[in-house]
1. If a residue has to be in contact with a helix residue (DSSP H, G or I) (Cβ under 9 Å, 6 or more places away or on another chain) and assigned to a helix (DSSP H, G or I) to count, how many in segment 575-595 make the cut?
2. Kindly list the number of the only condition in (1) outside any strand (DSSP E or B); (2) more than 36 Å from the chain's Cα centre (by Cα) that fails for Arg292.
3. Identify all residues within segment 460-473 that are buried (at least 20 other Cβ atoms within 10 Å of the Cβ) and either assigned to a loop (DSSP other than H, G, I, E, B) or modelled with pLDDT under 85 (or both); write none if there are none.
4. Being over 43 Å from the mean Cα position of the chain (by Cα) and either outside the structural domain of Gly517 (by TED's automatic domain parsing) or acidic (Asp, Glu) (or both) is the filter here, so list the residues in segment 433-491 that pass it.
5. Please specify each residue of segment 532-569 satisfying the condition of being under 30 Å from Glu514 (Cβ atoms), at pLDDT below 80 and either buried (at least 21 other Cβ atoms within 10 Å of the Cβ) or not small (Gly, Ala, Ser) (or both).
6. If we keep just the residues of segment 425-458 that are modelled with pLDDT under 90 and farther than 30 Å from Lys528 by Cα, which is surrounded by the fewest Cβ atoms within 10 Å (Cβ to Cβ)?
7. Of all residues in segment 507-518, which are modelled with pLDDT of 85 or more and either in a helix (DSSP H, G or I) or under 18 Å from Leu441 (Cα atoms) (or both)?
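The values are calculated or read from the model by the stated rules, or taken from the named source; none is laboratory data. Please read these numbers as outputs of a predicted model, since none were measured by experiment. Positions of Cβ are backbone-derived with ideal geometry, glycine not excepted, and every protein chain shown enters the neighbour counts.
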Amino acid sequence: MIDFKESQGSVLDEKREKAFLEHLYNSIPAAIAITSTSGIISMINREFTNLFGFTSEEAVNNNINDLVVPDDLKEEAIRIDSLASMNNKEVRQTLRKDKFGNKIHVSLVAASIVIDNEIVAHLFIYRDITTERKNQLLQEILFNISTAALKQYDIKEICPIIVHELSKIWDTNNFFIALYDKTSETLSLPFFADEKDSFYEIPITKTITGWVIKQNKSVLLKENDLKILEEAGDIDLVGTPCKVWIGVPLRIESNIIGVMCLQDYHDENKFSQDDLSVMDFIANQIAIVIQRRMILDNLILATQKVEESALTKQLFMSTMSHEIRTPLNEVIGLTNLLIQGNPREDQMEYIKTLKFSGNHLLTLVNDVLDYNKMDSGKIVFEQTQFNLSDFLEEIMRSYSFRSKAKHLSFDIKKASNLPDEVIGDPTRLNQILSNLLSNALKFTNQGSITVLIKELERTGNQSKMEFTVTDTGIGIPKNMHSLIFDRFAQASQDTTRRFGGTGLGLAICKKLIELQGGTITVESEPKKGSTFRFVISLGVSEKGSQTQTAESPEDYTGLEGKRILVAEDNKINFFVANRFLIGWGITVTHAENGQLALDILEREDFDLILMDLHMPIMDGIEATRIIRNSENPKIRNIPIVALTAAIMSESYDEIDDLNINDYVLKPFNPHDLFERIRKHIK
């Protein structure tokens, strides 16, 4: 509220007082207008003229709202007048227009002038906040564009957001972003909006956009400027001629990745040099956003390629497992049948050689496939109770024959305090020891190989055991001690050529041991042999517990009269399995695929199913799923043992919910197959 009271005894005469007030009025750095209560201007100051362009003669006696209020804000202006009358003062940010129709962001103070408690006039004070508002708006625009770039997954999805944000300060009806491919010298248009023309990709040669890229500078070109460039041969105008064209490079450091452009077909004064400067600033920020999006896109693409590569590798390894193990199963299975057929002594030598070569090939295949499983983190360790003494005797029998063939001394020594029954994964422990012993046999030509097992400590039902494999072989240089545990690494370059192998054996040992929480070390010198020492923990079973170790191979009794359905598409594999099953007194029915197996199950009763997972028409996975969902409890609850040549862990995601009772991996060990069947049969 401004209240002028009548001055008493003023020393200034009226003329001097008026001059003083006018000087004060014009010195204030804000636009001021005084109006009647009806809005008719009676006085403006010099800053009002500077801001809105109206002289005193042009403003006085005109309505303030008609003079500076845009048409779409007239109702708002009336409300401001009303609020100023009621509250004596109203403050807000709004838009006003100048003499030429340009909109100006202002901070407005509207107040009532009161004399003797009566409103006699209105006072309007305007402060230009266009720059402040534009800076604030720019920050909002850049923030919104940057945020969108992080959320969107395609540069084409970002462009409409950029256009929407820029439309807050410019007319973007004729706007495009062109991305520059330096290799092909072309411009791609991820966003193009135009009233007249339509383009998707254009060559850089002779275009205005290409000219901007070559000049490496921002330009504001009016109609005449464009004609001059065309007449000079610098550009060839393509599309509908425009009145004004503004373009700024999108720069990343010293490289131009594209151009951002605005144009207008009607008004050559649509854009100014100030707009060019602002647009140049925004373009630099957008270039960073686009680059960041491109980096993210490339990263996402690279990640997808890695994932696809890993999936391809996984599928390849699974397929290779099936394709290689299937013929191996045939070879080793037929070899086992030949051995059981009491061949002549001269034939036995050939058969043993065939069996050794088959098992050697199987070892190489297992090395590659097992390492792939461990590398993908999909290996699962069983917790099976087994007799440690029987386990070590089996190792002894296996490697005594091979040691004698090389005239080497072989012995397994175990401490007296070792537990009889332990719980762990005997298959993986066998694999570790077999790899170490195979290496010892391979690299030892004279002397001995010794295995020593002792208990380091026992905590509750856990026993920490140390296994030591010592040989008198060629030894390993100290600088190779850490490298030999890397995959495909050998102690010397000619090791594979001279001794064979994949270079995966020790890497697999290390992985298997570490995945079970253990450690492995080596002590070795050239010509002084090697000692490999590993420590793992095994569970200790209560004394008197029944061992799950398989009975001797000669005792295949207990399955006589049982009925088994074998779902197997490979005729030779079925022939091998069938010979063993019949030999154990089992009645066998054959189905060549999963669909036939389901049809037979509807007609006949069986004690167990041997199910191959990979079959034509319907595979074992789908057939098992249907069986487990059957309404018939006799079918739904039948034991299923998967007999497969595939890597089990590769199919784990598909079969983990199928309730398959057990797995036997081809090529199968006959008594292993026998024990798995006997364990689960009704």
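1. Of the residues in segment 575-595, 9 are in contact with a helix residue (DSSP H, G or I) (Cβ under 9 Å, 6 or more places away or on another chain) and assigned to a helix (DSSP H, G or I).
2. Exception for Arg292: condition (2).
3. Within segment 460-473, Thr472, Gly473 meet the criteria.
4. Once the filter is applied, which keeps residues that are over 43 Å from the mean Cα position of the chain (by Cα) and either outside the structural domain of Gly517 (by TED's automatic domain parsing) or acidic (Asp, Glu) (or both), segment 433-491 yields Glu455, Glu457, Asp471.
5. Glu542, Thr547, Gln548, Thr549
6. Restricting to residues being modelled with pLDDT under 90 and farther than 30 Å from Lys528 by Cα, the top hit is Thr427.
7. As a first pass, look at segment 507-518 and keep what is modelled with pLDDT of 85 or more: 509-518.
Those that are modelled with pLDDT of 85 or more and either in a helix (DSSP H, G or I) or under 18 Å from Leu441 (Cα atoms) (or both): Cys509, Lys510, Lys511, Leu512, Ile513, Glu514, Leu515.
Okay, residues lined up against (1) under 24 Å from Asp274 (Cα atoms); (2) free of Cβ contacts under 8 Å to residues at least 24 places away in the same chain; (3) of a type in the set (S, T, N, Q); (4) not assigned by TED's automatic domain parsing to the domain that holds Gln285:
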site: Asp181; (1), (2), (3), (4): no, yes, no, no
site: Leu189; (1), (2), (3), (4): no, yes, no, no
site: Gln215; (1), (2), (3), (4): yes, yes, yes, no
site: Lys227; (1), (2), (3), (4): yes, yes, no, no
site: Glu230; (1), (2), (3), (4): no, yes, no, no
site: Leu237; (1), (2), (3), (4): no, no, no, no
site: Gly247; (1), (2), (3), (4): yes, no, no, no
site: Ile252; (1), (2), (3), (4): yes, no, no, no
